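Heads up: the structure comes next, in C-alpha cells.
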Amino acid sequence: MCGIVGYVGKFDCVDFLVQGLRRLEYRGYDSSGIVTVNKSGGMHVAKAAGRIDKLVAKLAQTEMSGKLGVGHTRWATHGPATDVNSHPHVGGDGLLAVVHNGVIENFRPLKQRLEAAGYCFRSATDTEVVAHLIASYWELELAAQPDLTPKSMAAQGYEPLVRAVRASLQKLHGTYGLAVVFRDYPDVIIAAKLGSPLVVGVGDGEHFLASDPSPLVGGTDKIVYLDDHEIAVITADSLRVLHRDLGEKHADVQTLATNTIEVDMAGYEHFMLKEIFEQPDTLRNTMRGRLKPDEATAHFGGLNLTAKELRSVRRIVLTGCGTSWHAGLVGEYLIEELARIPVEVEYASELRYRNPPLDDGTLVFAITQSGETADTLAAMREMKRMGHMTLAISNVVGSSIAKEAHGGIYLHAGPEIGVASTKAFTSQCAALTMLALYLGRMRHLSPVQGAQIIEQLQALPDKVNAALECDAVVRRIAEKYAHCRTFLYLGRQFNFPAALEGALKLKEISYIHAEGYPAAEMKHGPIALVDSETPSVFIVPQGAVFDKVISNMEEIKARGGPVIAITCSEGAKAIGALADDIIEIPTVADFLQPIITAIPTQLLAYYIALERGCDVDKPRNLAKSVTVE
Ligand code: AGP
C-alpha cells in the first residue's frame, strides 16, 4: 500500500527519495510524489499519477533540490489516482506539506470545519485534511510568535511545530504514518505513527524515514521502529521521540539484520520468480533450529507459553487474509489431524466484527506475511481484548502484529517483494506443520510418529527443489492456456486449500477469473462453467482420495473441459490420457502436499501472467501490505 520515504542530512535528497520510492513500489501504488525544502528556495512539490517514471520525467523538468525531503507512493483510497490526489499535500497556502499512509475516518467533518474557516481544498483525499489541520494549529503558534527563525525554532527544540502536529493528531480518528515538512524550517521533519508502520534510520549526520526498512538499504542499518502514538522530531544531527500525550521517550536504536534488507532480484526477471525458486532455502530457514529429533518434536523460542498452558488449549482459531488465510486452512487440517485439537479458520475481516463464543481454552494465531495487514491486526486486538492468548505467525520482524502478539513464530523467509505471496505461504505451512507436531507430541502422537514427521520435514527442501524441475513443463502448459478466460482449481483434503491458493495466484497476477473448489463440490454448481475453453487444474498428488478425484476428472472430461493434473509419478500413470497435461511432482506425505503442490501452481500463474504481458510483481489494484480496512 502507500509508502513513505524521507531524508534530512548533508546530501541532496532527490535521488535518494526516488530510489527509496522505487524500493517501495512492491507495496503497490498508483501515483507518487516528493517535496523538498531548502534554505534558499523554500518548499517544492512534484507529483504524478502512474508509475514512478512519470514522476522522474516531471522532476527532469524542474530543478528541485534540497537536503531535506519526503516522498510518497499512493494507493488510492479517497479519490482516484490523479496528479492532484497524489501526495504530498500542501497545507495552509504553502506553509507545510504532508505525506500520509492510512485512513482518516473523520475527514469529512474536519474538512467541513476547515473549509468554513477558509482553507481551500484541491484534492478528494483524506490526507489534505491533515495538511490543513496542522496548518491551522501552526498558524495559531505563528500568531503567538511571529518572528520564529529556523535558529530560534531549533533553540526551542522545534516545540512550536510539535505542538501544532500534536494538537492535530489528537483530532484525528483512524490510522496514520505521516511526515510533515515546513516551508520555513528546512532542517526538520516531524513524523507520527498510529496503526501504520514508520521507521527512522540513523546515519552519520543524517537521518532517514521510511514506512518499511527497504529504502534504507545502503544508507544505514541502524533503525528505530516507531510505536503507535509516537512522534519523531528528526533533523540531520538529532532524533527526538516523544509519545503524543505522555512526552519524551527513549529512541531504541536497533541493528537491522542484513537478510531483511536483501532486496535485489539476483538475476531473475521478477521478484516473484526469484521468490518461487528461493523456497528450498526459505523452508530451511523456517525450520532451522526448530526440529528436535532427540525428542521427536519441534521447539519454538518465542511462543511465551508454558507447556502446561499449551496442554490446556482446547480450541485454536487461525485468522488472516488472502494467502495467509489459505495457510490457515492448511493449518486446520494439520492441527486437527496431528494434534486432535479443534480448529476454526476465520477471515480476519469478519472475525474483527463478529462476537464468537470462545471459551477460556482458546488460543488465537494471527497469520500474516507483512505483519501489518489492518484487518488481521484489528482481529488480533479484538481477540486480545476478549482475553484470549494471541500469537503471531509472521514474516516481518518487528512488524505491528508481531509486536502486539503475546508471542509467536517468525517465518524467517526473508523479504517477500512480489505482491503475489509465494515463499511466505510455504513457510507458513511449514511453521504450522511444526506447530501441529509440537502440540501433537504433547498429546497423543507417539515418539515414532513424531520422528517420522521430522524426517519428512527434513527432506522437504530437497523435495521442493525437485518440484521446481517442473518449470519448463509448466511454462509450455502456460503458453497453451494463457488465452483462456476462466480456470477451475480442484483438490481435496490438504489440497483443497492448495486449490484456493492456486486460483488466487492466477487471479492476482494474470487477471484471469479462477475459482478454487473441493474437487467433489464442483458437481454442485461450478461444473456449469466447464467447456473446451475452461481448463480445470486438478491437484491430485496421491493418497486416500486419489480415486475419488479421478472420478471428478472423468466428469470434467465428459463435458469437454481440458484437464491439467498436478500429480506424482504413480498418479501420472493412473491418470494417463485422462488429463490433457500432466505436471509431475515428488511424492510426500499428504500433510506436506500443499507445500509441494504450491510450486507448480505458483509457476503456472507466473508464466500465464508473463504470457499475457502482465506486470507480475506489481499487479493492478493490488498492494503488498493492505494497511487499510
Ligand atoms: C497474496 O498473494 C496476496 N497478495 C494477499 O492475499 C495477502 O496474502 C493478504 O493481503 C494478506 O497479507 P499478509 O500475509 O501480509 O497479512
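The values are calculated or read from the model by the stated rules, or taken from the named source; none is laboratory data. In this text the structure is predicted, and so the values were computed from the model without any measurement. Because the Cβ atoms are built from the backbone with ideal geometry, glycine has one as well, and the counts that use them run over all protein chains shown. Surface areas here come from the heavy atoms of the whole protein model, side chains and all, with no ligands, DNA or RNA. Shrake-Rupley method; radii C 1.70, N 1.55, O 1.52, S 1.80 Å.
Consider the stretch 395-428. How many of its residues are within 8 Å of the ligand (Cβ to nearest atom) and of a type in the set (Ser, Thr, Tyr)?
2
Test Ala605 against the criterion of being buried (at least 22 other Cβ atoms within 10 Å of the Cβ) and of a type in the set (Gly, Ala, Ser), and give yes or no.
Numbers: buried (at least 22 other Cβ atoms within 10 Å of the Cβ): yes; of a type in the set (Gly, Ala, Ser): yes.
In short, yes.
Every residue in the stretch 580-617 that is farther than 20 Å from Ala478 by Cα and either β-branched (Val, Ile, Thr) or within 14 Å of the ligand (Cβ to nearest atom) (or both), please.
Within the stretch 580-617, the first condition is being farther than 20 Å from Ala478 by Cα, and the residues that meet it are 586-595.
The answer is Thr587, Val588, Ile595.
Only residues that are assigned to a helix (DSSP H, G or I) and of a type in the set (A, V, I, L, M, F, W, C): list them for the stretch 145-177, please. Give the derivation first.
Within the stretch 145-177, the first condition is being assigned to a helix (DSSP H, G or I), and the residues that meet it are 150-155, 159-169.
Across the stretch 145-177, the qualifying residues are Met153, Ala154, Ala155, Leu161, Val162, Ala164, Val165, Ala167, Leu169.
Please go through the stretch 299-321 and give me each residue that is within 16 Å of the ligand (Cβ to nearest atom) and crowded, with 24+ Cβ neighbours inside 10 Å, ordered by number.
Scanning the stretch 299-321 gives Leu318, Thr319, Gly320.
For Ser31, work out the one condition from (1) farther than 21 Å from Gly102 by Cα; (2) under 24 Å from the mean Cα position of the chain (by Cα); (3) open to solvent by less than 10 Å² (accessible area, probe 1.4 Å) it doesn't fulfil.
The one condition Ser31 does not meet is (1).
Quick check, is Ile595 in contact (Cβ under 8 Å) with a residue 40 or more places away in the chain, over 22 Å from Ser324 (Cβ atoms) and part of a helix (DSSP H, G or I)?
Details: in contact (Cβ under 8 Å) with a residue 40 or more places away in the chain: yes; over 22 Å from Ser324 (Cβ atoms): no; part of a helix (DSSP H, G or I): yes.
The answer is no for Ile595.
Condition check: within 15 Å of the ligand (Cβ to nearest atom) and either in contact with a strand residue (DSSP E or B) (Cβ under 6 Å, 6 or more places away or on another chain) or modelled with pLDDT of 95 or more (or both). Does His326 satisfy that?
Working: within 15 Å of the ligand (Cβ to nearest atom): yes; either in contact with a strand residue (DSSP E or B) (Cβ under 6 Å, 6 or more places away or on another chain) or modelled with pLDDT of 95 or more (or both): yes.
Yes: the conditions hold for His326.
Of the residues that sit in the stretch 507-556 and are open to solvent by less than 40 Å² (accessible area, probe 1.4 Å) and within 16 Å of the ligand (Cβ to nearest atom), which one is nearest to Thr323 (Cα to Cα)?
By that ranking, first place goes to Glu508.
Among (1) within 16 Å of the ligand (Cβ to nearest atom); (2) surrounded by fewer than 22 Cβ atoms within 10 Å (Cβ to Cβ), there is one condition Leu504 misses while meeting the rest; what is its number?
(2)
Of the residues that sit in the stretch 421-468 and are open to solvent by 10 Å² or more (accessible area, probe 1.4 Å) and among the small types (Gly, Ala, Ser), which one is nearest to Arg288 (Cα to Cα)?
Looking at the filtered set, the residue picked out is Ala459.
Kindly check whether there is at least one residue in the stretch 214-228 that is touching a strand residue (DSSP E or B) at 6+ places or on another chain (Cβ under 9 Å), open to solvent by 30 Å² or more (accessible area, probe 1.4 Å) and not charged (D, E, K, R).
Within the stretch 214-228 (the criterion being touching a strand residue (DSSP E or B) at 6+ places or on another chain (Cβ under 9 Å), open to solvent by 30 Å² or more (accessible area, probe 1.4 Å) and not charged (D, E, K, R)), the answer is yes, since at least one residue qualifies.
Tally up the residues in the stretch 342-361 that are outside any helix (DSSP H, G or I), buried (at least 19 other Cβ atoms within 10 Å of the Cβ) and not charged (D, E, K, R), please.
Taking the stretch 342-361 first, the residues outside any helix (DSSP H, G or I) are 342-347, 352-361.
Pick out the ones that are also buried (at least 19 other Cβ atoms within 10 Å of the Cβ) and you get 343, 345-346, 352.
From what's left, not charged (D, E, K, R): 343, 345.
The qualifying residues number 2.
In the stretch 62-91, how many residues are crowded, with 24+ Cβ neighbours inside 10 Å and of a type outside the set (S, T, N, Q)?
Qualifying residue count for the region: 11.
For the stretch 168-186, state whether one or more residues are within 22 Å of Leu239 (Cβ to Cβ), free of Cβ contacts under 8 Å to residues at least 40 places away in the same chain and crowded, with 21+ Cβ neighbours inside 10 Å.
yes
Could you look through the stretch 119-176, keep only residues that are within 23 Å of Leu194 (Cα to Cα) and charged (D, E, K, R), and pick out the one that is farthest from the chain's Cα centre (by Cα)?
Glu159
Going through the stretch 403-417 one residue at a time, which ones are over 24 Å from Arg311 (Cα atoms) and surrounded by fewer than 24 Cβ atoms within 10 Å (Cβ to Cβ)?
Within the stretch 403-417, the first condition is being over 24 Å from Arg311 (Cα atoms), and the residues that meet it are 403, 412-417.
Correct list: Lys403, His412, Gly414, Pro415, Ile417.
The rows are residues; the columns are (1) in a helix (DSSP H, G or I); (2) under 20 Å from Gln279 (Cβ atoms); (3) within 16 Å of the ligand (Cβ to nearest atom).
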site	(1), (2), (3)
Gln452	yes, no, no
Asn465	yes, yes, no
Arg475	yes, yes, no
Ala498	yes, yes, yes
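In the set Ile582, Ile595, Ile599, Ile564, which member is under 31 Å from the mean Cα position of the chain (by Cα) and farther than 25 Å from Val396 by Cβ?
Numbers: Ile582 fails: under 31 Å from the mean Cα position of the chain (by Cα); Ile595 fails: farther than 25 Å from Val396 by Cβ; Ile599 fails: farther than 25 Å from Val396 by Cβ.
Answer to the check: Ile564.
Would you mind telling me which numbered condition in (1) in contact with a Lys or Arg (Cβ under 6 Å, 6 or more places away or on another chain); (2) under 18 Å from Phe591 (Cα atoms); (3) open to solvent by 40 Å² or more (accessible area, probe 1.4 Å) Glu332 fails?
Evaluating Glu332 over (1) in contact with a Lys or Arg (Cβ under 6 Å, 6 or more places away or on another chain); (2) under 18 Å from Phe591 (Cα atoms); (3) open to solvent by 40 Å² or more (accessible area, probe 1.4 Å) leaves (1) as the failure.
Considering (1) under 19 Å from the mean Cα position of the chain (by Cα); (2) modelled with pLDDT of 95 or more, say which one Phe208 fails and leave the rest.
For Phe208, the exception is condition (1).
Is it the case that the stretch 247-266 has a residue that's assigned to a strand (DSSP E or B), open to solvent by less than 70 Å² (accessible area, probe 1.4 Å) and on the phi > 0 side of the Ramachandran plot?
Let us first name the residues in the stretch 247-266 that are assigned to a strand (DSSP E or B), namely 247-249, 254-255.
If we keep only those that are open to solvent by less than 70 Å² (accessible area, probe 1.4 Å) as well, we get 247.
Those still in the list that are on the phi > 0 side of the Ramachandran plot too: 247.
Yes: the stretch 247-266 contains one or more residues that are assigned to a strand (DSSP E or B), open to solvent by less than 70 Å² (accessible area, probe 1.4 Å) and on the phi > 0 side of the Ramachandran plot.
Condition check: open to solvent by 10 Å² or more (accessible area, probe 1.4 Å), within 16 Å of the ligand (Cβ to nearest atom) and either on the phi > 0 side of the Ramachandran plot or of a type outside the set (Ser, Thr, Tyr) (or both). Does Asp375 satisfy that?
Details: open to solvent by 10 Å² or more (accessible area, probe 1.4 Å): yes; within 16 Å of the ligand (Cβ to nearest atom): yes; either on the phi > 0 side of the Ramachandran plot or of a type outside the set (Ser, Thr, Tyr) (or both): yes.
Answer is yes for this residue.
Suppose we filter Glu515, Glu555 for residues that are out of contact with any Asp or Glu (no Cβ under 6 Å at 6 or more places or on another chain) and not in a helix (DSSP H, G or I); which single one remains? Let's see the steps before the verdict.
Working: Glu555 fails: not in a helix (DSSP H, G or I).
Going through Glu515, Glu555 in turn, just one is out of contact with any Asp or Glu (no Cβ under 6 Å at 6 or more places or on another chain) and not in a helix (DSSP H, G or I): Glu515.
Looking only at the stretch 38-61, count every residue that is open to solvent by 60 Å² or more (accessible area, probe 1.4 Å) and over 16 Å from Val181 (Cβ atoms) and tell me the total.
6
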